[in-house]
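Here is the structure we will look at, set down as structure tokens.
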Amino acid sequence: MSSDTPSSPAPDPGTAPDPGTAPDAGTAPDAGAAANPGTIPAPTSAVVAATRGATKTYPGVRALDGVDFEVRAGEVRALLGRNGAGKSTLIRMLCGVETPDEGTVEIGGTPLAGGGVRRAAELGVGTVHQELSLVPQLSAAENLCLGAWPTAGGRIDHAAVRAGAREAFAELGVDIDPDTPVGELPLAQQQLVEIARALRSRPRLLILDEPTSALAAGEAEIVLSAVTRVAGRGVGVVYVSHRLDEIRRVADTVTVMRDGAVVETAPVRGATTARIVSLMLGRDEAEEARRPAGAVDRSGTPLLSVRDLAVPPKVDAVSFDLYPGEVLGLAGLMGSGRTEVLRALAGFAPSTGTVAVEGAPVARRTPRAMKRLGVGITPEDRKGEGVVPLLGVSENMVLTWFGGASTAATVRPSRVAAIGRGLVERLSIKTARPDTPIVNLSGGNQQKAVIGRWLHARSRILLLDEPTRGVDVEAKAQIYRIVRELADQGAAVVFVSSELEELPLVCDRVLTLRAGRLEQELTGDDITLDNIMTAAMAA
């Protein structure tokens, strides 16, 4: 595998290339033609963006360590790496959000030199972030013009707004009604509106951060076609994704990062999944052995049986059994359908298929019905959905079930406090008092309180969605211990985490989910980080 090709003379730094024309060297493919993955663009193609020796340090963390990175006109460069590898910091540097402590960032040969987002945009950088930044109530055309409205006679020229939108969508090869409120568009078309807005200023470089992570396979196809057209017009593209089939479809080259450094850059063609995973993990981590878990008796009736569960359009025909005492990992990349499965099982998302608890089918899955059957869920968004910030720790832990905390339909503060003290001690929650507002606790202690809510409700089936997100190492270890202890006491747990290295540490069995379908089951010694990542990323 080869490293980045040497720099070529930069184009005139004051003029961004016209995306409607090919780069100065070679002939760009037709606008509608597919990219030719597997070849590094010729060294004579213009370098549209580069970092040289870029280093960035935050308190206690070296996010980037001497990174050399460059993208050429018409090239689609895939950027890969596990969480914390440095991808986001590199992207933020290229679009002017961050400034390197050492090294330089150049756009079209001109140093960015701390000019910020505005300067990066002036030099030709367009960015589409993972989270949409559209205004749902405004039309698709109006969203394209936010901050740069065409005017006539001192007023917004609405005809020009619509005409510009039609032209922008035609360039992407998509048919979107400019007058439709963007909140009424399918998610894939909303993503295309974001891309069209980024292209409106005719950038040299387009950065796409997980543009298909929230899309079903059919929707993702629309975005991939648009990326191919953009690169065909000579725009350099940085494409961040973990979906290797997509990368092989649209990317020419792939850069793999690990621990803040570029490990390798190579043509996509010939870069096998096993090789990419090995580069992302490093030899030692890829060979990490899992922590042995207690044996699970699967001879009896499953505590939870799921057959052909579907949550259109994200999840299709998922089936599995969950037994008492088992911790079942559900692995998958962002957008694979993990959260949708858990929400459907807890009754929060409309779904089809059958779900049975202890062999008894659940006719109508609602949150209340599933709670009564002993199903509890910790949501992915702890801050937005998991806690009531200004209520005390104890109050948060009895919210789901007031049993033991009330008499004659009246909640007794003394009983709430007593329940809280018991759970605080059992879960090692660090708080001065059980009535301390939960917002004052660390993320890890908040998460333990959310889990404690379902312990108090005597839930037998726990659906844990990202239970360790945003918590420190000590809190993670404590949450792992709590999960194993619950399983040892007969509960059944579904454990979802985007930090795939967690799954071998706590799970008895792992199912890999990709594009809404179960791909593989891993048990025993096969539950390794290497195997999980390979199964989750492979086409």
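Here is a list: T51, T55. Which entry is in contact with a Pro (Cβ under 9 Å, 6 or more places away or on another chain), surrounded by fewer than 19 Cβ atoms within 10 Å (Cβ to Cβ) and touching a residue at least 40 places away in the same chain (Cβ under 8 Å)?
The match here is T55.
Considering only the range 84-95, state which residues are crowded, with 21+ Cβ neighbours inside 10 Å and in a loop (DSSP other than H, G, I, E, B).
Across the range 84-95, the qualifying residues are A85, G86, C95.
Conditions tested, residue by residue: (1) closer than 25 Å to G84 by Cβ; (2) among the β-branched types (V, I, T).
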| site | (1), (2) |
| --- | --- |
| A492 | no, no |
| S497 | yes, no |
| L503 | yes, no |
| L511 | yes, no |
| R514 | yes, no |
| I527 | yes, yes |
| N531 | yes, no |
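Quick one: in the range 375-402, which of the residues that are closer than 23 Å to G337 by Cα, among the small types (G, A, S) and surrounded by 14 or more Cβ atoms within 10 Å (Cβ to Cβ) is farthest from the chain's Cα centre (by Cα)?
G376
The rows are residues; the columns are (1) among the polar types (S, T, N, Q); (2) closer than 22 Å to E210 by Cβ; (3) modelled with pLDDT under 95; (4) part of a helix (DSSP H, G or I).
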position: A121; (1), (2), (3), (4): no, yes, yes, yes
position: T127; (1), (2), (3), (4): yes, yes, yes, no
position: W149; (1), (2), (3), (4): no, no, yes, no
position: A170; (1), (2), (3), (4): no, no, yes, yes
position: I176; (1), (2), (3), (4): no, yes, yes, no
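On the basis of being in the same structural domain as D525 (by TED's automatic domain parsing), crowded, with 21+ Cβ neighbours inside 10 Å and over 16 Å from L522 (Cβ atoms), does P504 make the cut?
no
Here is a list: R233, R229, R162, R202. Which entry is of a type in the set (K, R) and surrounded by fewer than 17 Cβ atoms within 10 Å (Cβ to Cβ)?
Checking each option against the conditions leaves just R202.
Is it true that A35 is under 26 Å from the mean Cα position of the chain (by Cα), closer than 30 Å to R275 by Cα, modelled with pLDDT under 90 and not β-branched (V, I, T)?
The answer is yes for A35.
So Q190 fits all but one of (1) buried (at least 24 other Cβ atoms within 10 Å of the Cβ); (2) among the polar types (S, T, N, Q); (3) assigned to a helix (DSSP H, G or I); what number is the exception?
Of (1) buried (at least 24 other Cβ atoms within 10 Å of the Cβ); (2) among the polar types (S, T, N, Q); (3) assigned to a helix (DSSP H, G or I), only one is false for Q190: (1).
Filter the range 145-166 for residues that are of a type in the set (G, A, S) and touching a strand residue (DSSP E or B) at 6+ places or on another chain (Cβ under 9 Å) and give the result.
A159, A160, A165
Rundown of residues vs (1) in contact (Cβ under 8 Å) with a residue 60 or more places away in the chain; (2) over 25 Å from the mean Cα position of the chain (by Cα); (3) part of a helix (DSSP H, G or I), yes/no style:
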position: V97; (1), (2), (3): no, no, no
position: V117; (1), (2), (3): no, no, yes
position: A141; (1), (2), (3): no, yes, yes
position: A160; (1), (2), (3): no, yes, yes
position: R202; (1), (2), (3): yes, yes, no
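Could you count how many residues in the range 203-219 are modelled with pLDDT under 80 and of a type in the set (A, V, I, L, M)?
Total satisfying the criteria: 4.
Would you tally the residues in the range 357-404 being under 20 Å from P312 (Cα atoms) and part of a strand (DSSP E or B)?
Number satisfying all stated conditions: 0.
So, in the range 507-536, of the ones that are of a type in the set (V, I, T) and either within 22 Å of the chain's Cα centre (by Cα) or outside the structural domain of Y323 (by TED's automatic domain parsing) (or both), which residue ends up farthest from K476 (Cα to Cα)?
Checking each candidate, the answer is T534.
Which residues, taken from the range 100-131, are exposed (fewer than 15 other Cβ atoms within 10 Å of the Cβ) and more than 23 Å from G260 (Cβ to Cβ)?
Residues satisfying the conditions are R118, E131.
Looking at the range 415-455 only, could you name the residues that are of a type outside the set (V, I, T), in a loop (DSSP other than H, G, I, E, B) and under 23 Å from E380 (Cα atoms)?
Result: S428, K430, L441, S442.
Would you tally the residues in the range 488-500 being closer than 13 Å to L455 by Cβ and buried (at least 22 other Cβ atoms within 10 Å of the Cβ)?
2
The values are calculated or read from the model by the stated rules, or taken from the named source; none is laboratory data. This is a predicted model, so every value here is computed, not measured. Positions of Cβ are backbone-derived with ideal geometry, glycine not excepted, and every protein chain shown enters the neighbour counts.
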